[in-house]
Structure formats: C-alpha cells, structure tokens
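So the structure is just underneath, and the comments pick up after that.
The values are calculated or read from the model by the stated rules, or taken from the named source; none is laboratory data. Small disclaimer: the values here were computed from a predicted structure and weren't measured. Cβ: placed from backbone, ideal geometry, glycine included. Neighbour counts: every protein chain shown. Surface areas here come from the heavy atoms of the whole protein model, side chains and all, with no ligands, DNA or RNA. Shrake-Rupley method; radii C 1.70, N 1.55, O 1.52, S 1.80 Å.
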Amino acid sequence: MALLFKSNIDRADWWRRELNKYIPDLEVRIWPDIGNPDEIEFALCWKMPHGELAKLKNLRAVYSLGAGVDHLLADPDFPRHLPFSRVIDPNLTGRMTEYVVQHVLNHHRFCQTYDAQQRDGVWKEHFAPFASERKVGILGMGALGSGSARALHLLGFDVAGWSKSRKNIEGVESFFGDDQRDAFLARTEILVCLLPLTPETENILNRDLFAKLPKGAAIINAGRGPHLVDEDLIEALDSGHLSGATLDVFRIEPLPADHPFWRHPKIRITPHVASISDPASVAKLVAENIIRTKNGEPLLNAVDPEKGY
Ligand code: GLV
C-alpha cells in the first residue's frame, strides 16, 4: 500500500513517522522518488507539478496537504473524478487565529507607525479606539475565518463576516451574498481575507473593493496571493486611502527579491507561514481518509472540485 507524499517543506520523515503510527504498513514515498508509479494508490500533496497525478494509473484518492486546494486544481489534468479532501484541523485553525489576532492588533494599535517612529527616534502617541469601536471584517467564513472571527469577538472587537451563505456565529454579524458585500465593506476598518482561491475570488482585493472600504482601512491577506491585485494595493496605500497591509501570501512565492512589496513602508510581509499543517495533528485525519478510501467510504473534509473548496 503506497502513498505519494509531496510537500515544499522539509518534513517528509516526520510525516512518514506520524502516518505509520496509524497505518504501519503504509509505504510513504517521497516525491520525486516514488518507485513504480503503478503501486501508488494515494497522494498527499502540496503543489504537484502539473500532469503528474494523471499518470498514476492506480491512484484512488488525493488529499491536499493544506486547507486550500487551488494548488492542485490549477493542474488541467488533475484527476477530478477521484475522492479528494483538504485539511480542516483545530490546530491549523488555531494557528491561523493567532496570526489574524496578532496582525489585527498590530493595525488596531498602530504597530507599523510606531516601528517607523522608532527608526526615526520619534516619541508621538496615537490613541486607538476601544476594541468595541473597531470594526473588523472577515472575508471568507470557512473554518479558518470563523475561528478568527470568534477569537476577535472574544477580545471585544466589532466583528462581521462575509460569505456566500449566512453564518450563525454568536456576536459576529453575518453579511452574505453579492448583494450584501458593499455594506460589509463600508463598515470594515480592518479587512482580513481568508477566502478560498476560485475563479470567482481571484483578484477580489482590487481597486474597486479598496474604494468601498472607509479611508484609513487596513488589509490582511492570509488567503492566496492571486486574491490581490498587487498594483492596486500599492496605489491605495500611496494615495493614503489604505493605512497598511499585512501579507502572508503572494502571486509568486518566494516573493521575488525585486518586488516593490518588500520595501514598501506600509506593508508587512510574512513568508506564507500564517498556518501550516502539522503532521502531529493532521496525520490522524489523513490516515482516517486512507482507511475510508480503502473501504469505499466518503472522505472527511471532502472537496467539491466544481466549487473549489
Ligand atoms: C496553506 O496555505 C493552506 O492551504 O493550508
């Protein structure tokens, strides 16, 4: 019983150990050393080179190594007919919640301004409103967005979420559907993007959307790089309409050394680390899905390739 494993982080041996705790006879073959491709029945991957999965004649299921699946569905030859799952995991949600809370607080409490003042030796106070007066908006209310919204609500922020359908989360105002998007944006001072990347959401963080946010708003993108139109962000920051941006994801990763984001004074960059699947937590879920695949049962956290999440 063989599983193809492909990641861009060097943790393959750890994944193998964790998976073997649950399924001792699972052979974990690390891309590109997969031996005889006809022996591969399962694939656990992050960003496979296009066309490679389609070559595996006996593949029975594909498991995304992350919450997102855009990196796999971008492959025109992706085997869309196979059972397909993604990661929804309390620790993945917990880490994303930490990231979102950290950076919402940074914007709320003017951290970028104080960093700049420190560089120049400037002592100048800026007063933040009460958290209850600070309006945070989460674009995308799946597992990650909902977790962040709950935590921000507990900290006292005025939190709303926007999603395709209505969400019932205590203390979090739900805006849904295209009709309610402008009203959601008009009230949002700190916008957090945690949408899945689909043809509908690509380029959603653009000039028109920024214009609908109140002046001085900040954005945090921990969704995907292609959600954001890079030039439109720079324009909105330079004109002073937006006050700052925190970006964890980029169209090209690693972000090229000459990209203007690196040196922009109002942009804070992290290298796609907001939340990462941890073998100690996620291997159990993958093992369960391998067993379900073998038994012909529906997968946990199954993905609909048509919807893209
Ligand atoms: C990371 O970006 C993920 O999709 O989990």
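Conditions tested, residue by residue: (1) over 30 Å from L155 (Cα atoms); (2) in contact (Cβ under 8 Å) with a residue 40 or more places away in the chain; (3) among the polar types (S, T, N, Q).
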{"residue": "H71", "(1), (2), (3)": "yes, no, no"}
{"residue": "A74", "(1), (2), (3)": "yes, no, no"}
{"residue": "P79", "(1), (2), (3)": "yes, no, no"}
{"residue": "F84", "(1), (2), (3)": "yes, yes, no"}
{"residue": "V87", "(1), (2), (3)": "no, yes, no"}
{"residue": "V101", "(1), (2), (3)": "no, yes, no"}
{"residue": "N106", "(1), (2), (3)": "no, yes, yes"}
Exercise for review: Pick out the one residue from S277, S243, S281 that is within 15 Å of the ligand (Cβ to nearest atom), out of contact with any Lys or Arg (no Cβ under 6 Å at 6 or more places or on another chain), open to solvent by 10 Å² or more (accessible area, probe 1.4 Å) and not in a loop (DSSP other than H, G, I, E, B).
Suggested key: S281
Study note, to complete from the structure: Of the residues in the stretch 57-95 that are among the aliphatic types (A, V, I, L, M) and part of a helix (DSSP H, G or I), the one that is most open to solvent (accessible area, probe 1.4 Å) is L73
**Study point:** Filtered residue count, the stretch 206-240, keeping only those that are of a type outside the set (S, T, Y) and either within 16 Å of the ligand (Cβ to nearest atom) or without any contact (Cβ under 8 Å) to a residue 24 or more places away in the chain (or both)
**Key:** 12
Practice item. Go through the residues of the stretch 158-181 one by one and say whether even a single one is more than 25 Å from A67 (Cα to Cα), free of Cβ contacts under 8 Å to residues at least 60 places away in the same chain and of a type in the set (S, T, N, Q). Key: yes
Point to revise | Neighbours by Cβ (under 7 Å, 6+ apart or cross-chain): first from the stretch 296-309, under 9 Å from P83 (Cβ atoms); second modelled with pLDDT under 95 and open to solvent by 80 Å² or more (accessible area, probe 1.4 Å) | key: none
Review point. Does any residue of the stretch 250-265 turn out to be within 16 Å of the ligand (Cβ to nearest atom), at pLDDT 95 or above, surrounded by fewer than 14 Cβ atoms within 10 Å (Cβ to Cβ) and among the hydrophobic types (A, V, I, L, M, F, W, C)?
Key: yes
Revision key, fill the gap. Over the stretch 165-189, the set of residues of a type in the set (S, T, Y) and open to solvent by 50 Å² or more (accessible area, probe 1.4 Å) is S165
Check your understanding: Taking only pairs six or more apart or across chains, which ones have beta-carbon atoms under 9 Å, a first residue in the stretch 53-68 that is away from the ligand (no atom under 14 Å from the Cβ), and a second residue that is of a type in the set (K, R)?
Key -> R60/K294; A61/R292
Exercise for review: Please go through the stretch 14-52 and pick out each residue that is open to solvent by 60 Å² or more (accessible area, probe 1.4 Å) and within 16 Å of the ligand (Cβ to nearest atom).
Suggested key: K47
Check your understanding: Could we say that A43 is under 24 Å from K284 (Cα atoms) and either at pLDDT below 95 or assigned to a loop (DSSP other than H, G, I, E, B) (or both) here?
Key -> no
